[in-house]
Amino acid sequence: MRLTIEHILNFDIMNTATVKAGKDIINQKYVQWISAIEMPVENFVRKNEVVLTTAIGCGHDLELFKGFVQDIIESEATALIIAVGRYIFDIPKEVIQLAEEKQLIIIEIPWEVRFASIIENVMKELNDLNYKEFKKSERTQQELLKLILQGEDLDYISKFVQTEIGGTVLITDRNGTIEGTSSHSRKIIEKWPLYIEKNLIPSTERTTLTRDPMFQKFKSIAVEDHTILQLPIITVSGEIQGYLFVILRAGLSIDLFLTQYRVNVLEHAVTTIALWFSKKNAIEDTKMRLRSDFVHELAKGEFNSLEQAHSRAKVFGYNLKLPYICVLGFPENLKKIFHTQKKDHDLFEHWLDSMIHYIEEEISYAAKSLNKRVMMSYHGEELIIFLEDNLKNNNDSANNFLDLVERRLRNLLPEVIISWGTGNYHEGIVGLKESYENAKVALTIGRNKKGLGERMLYENTRIDRVLLNLAENEEMKEVILSTIGPLVKYDEQRNMDLIGTFTTYNHYHGNVSQTARALNLHRQSLMYRLRKIESLTGLSLIDPDDLFLLDLSVKIWNSGMSNKALNLV
């Protein structure tokens, strides 16, 4: 129920009131607020408000009076009550005509009628109505909460809300995908994906009902012959999880539809649906963690029983009988991106979860596009991916997969740098661990040899693995330390890059001119560096044995064991 101007005119205090404009609409125009105001109006008057005024300052200036009334009209007030007998004695016919044209109700009252008495009567009536509406909507809120506790789906909740408000209800996720609907009209449902394609839903290009504080959260969208109201579904953390849409029947205005009760019901609905999303997200997060832990256990070879592994895999929808190769990813710069984009460092873990979720979504999409199964885990800064293999050429399989993943990530998260390592296929549950260890070796070698953001296949690391194995030998470590240690220390102190100079010199088979051009050095500067290498190492660059030893030491150094195995830094 709403308070109309007709109701207000029936108050005893309004016995001496006279309607000067808008007599035909006094039973249609409703009231939400009441206030007393003089010029200027500015933004002090709200929609659906009754304004009391003495029109002080404009009684003898027709244009000023008309301007004052025009401002009231533009504020979308319901009625203007003017006290006559002190500052004005008659309301000009031009003002009455303007009000009639713009459907503003003008009521004349004698000067003796107190504004405070009118306001007291109107506010009492409004408070009584609002209290009744509040109690009614409170019962609705309890029913909604009961539906959540009973585990009802969003279709059921949508139908319940529709019964309460009398408008078709749709509930979507934040991307506009329908999660629940009460719709009896298939037309809107069938066209919904088209609206999303046109970026109509969800979209920032909406009309916000800002003139009325009660409607601040609502936005309206005009779609064909329908008006659609949108409310965001916001979780406790402040994130938009989805939207509640109400489709009004053709010809029904927002003003007539949005009663206080309907507003209360819709606000209770979005709060309740936010709980539904939170519950769903909590369940999904738990499932994802369990899946992730399972995949990590596979990679670490922690299953002693084949039967146990297959049983756990079945719960998560995985098929361990398929052949898999391990692809290992290492996001290189997520912390750096966060620090450049965010100010509140306490939110890093939450932000990281979102980023990994986006990355995993793109990985899943890439695998689906290639018609391959994947098992994934993010653990200890590693993206562990077991990719279904065709057993013909797993290098091509992994490369095609990573090409698609990187292409999609460049579009979605262009600033993210990920290094990749790929293992070989090994049979059985134990083979998953071996493939993971292959991928880990390939990733380590690739990061040190090629740099960040590159990929390395285990098949292409044979020479590097030989070098790494050599570096694990204690006697070999001592030889390498004595050979390359002085160059490393000198480079750190002087920043001369003697190791890079030797690598380039050896690449050009000792050709000084080509080496100088490649390093953009003067010939004499290059000769100085070469002599410094010989003096620091005690080796001759023209002696084949010395050259071999120095080259081998540099290769082992560059293989990734520089810090871990040699402990030079």
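The values are calculated or read from the model by the stated rules, or taken from the named source; none is laboratory data. Bear in mind that the values here come from a model prediction, so they are computed numbers and not experimental data. Cβ placement follows ideal geometry from the backbone for every residue including glycine, while neighbour counts extend to all protein chains displayed. Side chains included, ligands, DNA and RNA excluded: accessible areas come from the protein's heavy atoms. Shrake-Rupley method; radii C 1.70, N 1.55, O 1.52, S 1.80 Å.
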- prompt: Does Thr340 count as under 30 Å from Tyr156 (Cβ atoms), assigned to a helix (DSSP H, G or I) and free of Cβ contacts under 8 Å to residues at least 40 places away in the same chain?
  reply: no
Qualifying positions in region 446-455 - open to solvent by 80 Å² or more (accessible area, probe 1.4 Å) and in a loop (DSSP other than H, G, I, E, B): Lys450, Leu452, Glu454
- prompt: Is it fair to say Val265 is in a helix (DSSP H, G or I) and modelled with pLDDT of 80 or more?
  reply: yes
message: What are the pairs with Cβ atoms under 6 angstrom where one residue, in region 424-435, is among the small types (Gly, Ala, Ser) and the other, located anywhere, is open to solvent by less than 50 Å² (accessible area, probe 1.4 Å)? Sequence gap at least six, or different chains.
response: Ser435/Ile325; Ser435/Cys326; Ser435/Gly423
task: Collect the residues in region 35-58 that are assigned to a loop (DSSP other than H, G, I, E, B) and under 45 Å from the mean Cα position of the chain (by Cα), keeping them in residue-number order.
output: Ile37, Pro40, Val41, Glu42, Asn43, Phe44, Val45, Arg46, Lys47, Asn48
- request: Considering only region 158-174, state which residues are more than 17 Å from Ile189 (Cα to Cα) and either polar (S, T, N, Q) or open to solvent by less than 40 Å² (accessible area, probe 1.4 Å) (or both).
  value: Val161, Thr163, Ile165
- request: Any residue in region 456-481 that's open to solvent by 40 Å² or more (accessible area, probe 1.4 Å): show its pairings with residues that are of a type in the set (Ser, Thr, Tyr) and modelled with pLDDT of 80 or more at Cβ separation under 8 Å, as long as the two are six or more apart or on different chains.
  value: Val479/Ser553
- line: Per the filter on region 57-81, residues closer than 24 Å to Leu9 by Cβ, among the aliphatic types (A, V, I, L, M) and without any contact (Cβ under 8 Å) to a residue 60 or more places away in the chain are Val69, Ile72, Ile73, Ala77, Leu80
- prompt: Where residues in region 372-386 are in contact with a strand residue (DSSP E or B) (Cβ under 9 Å, 6 or more places away or on another chain) and not in a strand (DSSP E or B), which of them is farthest from Asp403 (Cα to Cα)?
  reply: Glu381
- line: Picked from region 18-31 (must be in contact with an Asp or Glu (Cβ under 7 Å, 6 or more places away or on another chain) and either open to solvent by 20 Å² or more (accessible area, probe 1.4 Å) or at pLDDT below 90 (or both)), the residue farthest from Gln97 (Cα to Cα) is Asn27
